[in-house]
Amino acid sequence: MKEYLSASTKPILICGPCSAESHQQVLQTAKDVKEAGVTWFRAGIWKPRTRPNSFEGIGEVGLQWLKEVQQTLSLKVCTEVAKPFHVEECLKAGINAVWIGARTCSNPFSVQEIAESLKGVDNLSVLIKNPTTPDIHLWLGAIERIEKAGIKDIVAVHRGFALENNSSYRQTPLWRIPIELQRLRRDIKIICDPSHIAGKREYVKEIALSAASIGFAGLMIETHNNPLQAKTDNNQQLFSKDLKEFLSSINFPNNKEVNSNELEAYRQEINDIDKNICNLLSERMNLSKQIAEIKIAKNMTVFQPNRWQEVMDSIISISKKQGLNEDFIEEIYNIIHQESIKTQENIVNKKEVMP
Ligand code: PEP
Ligand code: MN
């Protein structure tokens with residue numbers, strides 16, 4: 001009987017190099033991965049590179065090395081697929097799982113082609129990384145296309161988003177996106193790939209700790225026997241000999257909902273506060289509608305920069321006194337103001353208001 005990756009009762013851990021480079025590198029890294037107690041091994045065979053003229057993967061010969069890992073070390077193996085040819089080769093080699101990378105997930109044509117090549121396949125797990133842009137619908141769409149092809153075992157992988165300013169990380173985590181995906185698809189497990197978010201070895205741990213404590217179902221971690229010499233992503237791969245210790249420092253809390261009266265009491269209070277927030281927002285929006293009528297009468301523009309600056313200054317000063325994070329309040333108020341502008345602009349231009 002097939003052992004589903006998503007059926008695992010333990011955290012899903014998938015470790016191995018960014019790319020398969022040589023027989024020795026794959027086998028040595030796989031031994032260390034096994035030593036660390038991990039049961040799934042990853043290695044990219046075909047690599048999507050942003051620029052041409054760089055190492056684009058070892059190609060099909062790497063599948064034979066993965067097969068050897070599978071047979072001699074009893075590890076499950078997985079690699080990235082970006083087109084039907086890759087899927088066919090993986091199926092021939094008996095690979096246990098494939099992942100659709102971030103760049104491929106961004107392209108519905110490519111995902112559809114992969115989905116077609118997966119029709120009728122019942123012994124393969126498919127991991128779907130988030131697209132590079134924070135568009136949850138692209139991610140959901142890719143999951144749905146693979147589901148429609150009949151694949152039963154699907155796991156989503158959060159690997160961060162390519163924004164213009166990613167601060168110290170290579171990619172921005174935007175945790176709210178995988179959290180929203182989980183709300184919409186509670187039936188799908190989501191694991192985190194801290195390596196591609198981090199971009200640097202030194203940051204992998206803090207991201208993995210965040211993911212585990214937030215409640216992700218596992219981790220995909222790039223691990224190499226000699227990362228300093230790696231042909232791809234050399235700055236972010238962990239030394240495979242350090243993997244065991246690394247993993248022992250990550251605590252995955254019990255994911256079950258626990259009945260607790262104390263927790264319930266707090267949650268009830270939160271529910272009441274949320275209700276108040278909604279009531280206040282509704283009152284604020286009604287005032288904003290009345291203001292729209294005055295602006296029409298006085299032939300004023302909807303957007304009043306000085307007034308807006310005054311509102312922002314005052315709210316920031318209040319939030320500082322309350323010990324709230326300024327960026328958070330600024331973000332919320334920008335959204336509220338945007339909605340106010342939209343509502344007033346609709347009134348001024350007598351537009352049908354869409355729900
Ligand atoms: C990878 O896992 O090596 C990879 C290329 O990932 P992503 O698609 O997330 O960039
Ligand atoms: Mn990589």
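For the reader, a short list of remarks on this structure follows.
- Hits in the stretch 14-39 (condition: closer than 16 Å to residue 73 by Cα, more than 12 Å from ligand 2 (Cβ to nearest atom) and not in a helix (DSSP H, G or I)): 14, 15, 36, 37, 38, 39
- Single condition residue 174 does not satisfy, out of (1) in a loop (DSSP other than H, G, I, E, B); (2) among the hydrophobic types (A, V, I, L, M, F, W, C); (3) at pLDDT below 95: (3)
- Within the stretch 233-266, restricting attention to residues that are modelled with pLDDT of 95 or more and basic (Lys, Arg), the residue that is farthest from ligand 2 (Cβ to nearest atom) is 244.
- Residue that is farthest from the chain's Cα centre (by Cα), among those in the stretch 66-85 that are surrounded by 23 or more Cβ atoms within 10 Å (Cβ to Cβ) and in a helix (DSSP H, G or I): 69
- Leading residue by the ranking (surrounded by the fewest Cβ atoms within 10 Å (Cβ to Cβ)) among those in the stretch 182-199 that are assigned to a loop (DSSP other than H, G, I, E, B) and within 13 Å of ligand 2 (Cβ to nearest atom): 199
- Of all residues in the stretch 40-57, those satisfying the criterion of being away from ligand 2 (no atom under 12 Å from the Cβ) and either open to solvent by less than 40 Å² (accessible area, probe 1.4 Å) or in contact with an Asp or Glu (Cβ under 8 Å, 6 or more places away or on another chain) (or both) are 40, 41, 45, 46.
- Subset of the stretch 255-310 (residues that are open to solvent by less than 90 Å² (accessible area, probe 1.4 Å), farther than 24 Å from residue 333 by Cβ and over 38 Å from the mean Cα position of the chain (by Cα)): 296, 297
- Subset of the stretch 97-115 (residues that are open to solvent by 10 Å² or more (accessible area, probe 1.4 Å), touching a helix residue (DSSP H, G or I) at 6+ places or on another chain (Cβ under 7 Å) and of a type outside the set (Ser, Thr, Tyr)): 108, 112, 113
The values are calculated or read from the model by the stated rules, or taken from the named source; none is laboratory data. The shown structure was predicted, so the numbers you read here are calculated from the model rather than taken from an experiment. Using ideal geometry, Cβ is built from the backbone for each residue, glycine included, and neighbour counts are taken over all protein chains shown. Ligands, DNA and RNA are stripped out before the accessible areas are found, and what is left, the full protein with its side chains, is counted by its heavy atoms. Shrake-Rupley method; radii C 1.70, N 1.55, O 1.52, S 1.80 Å.
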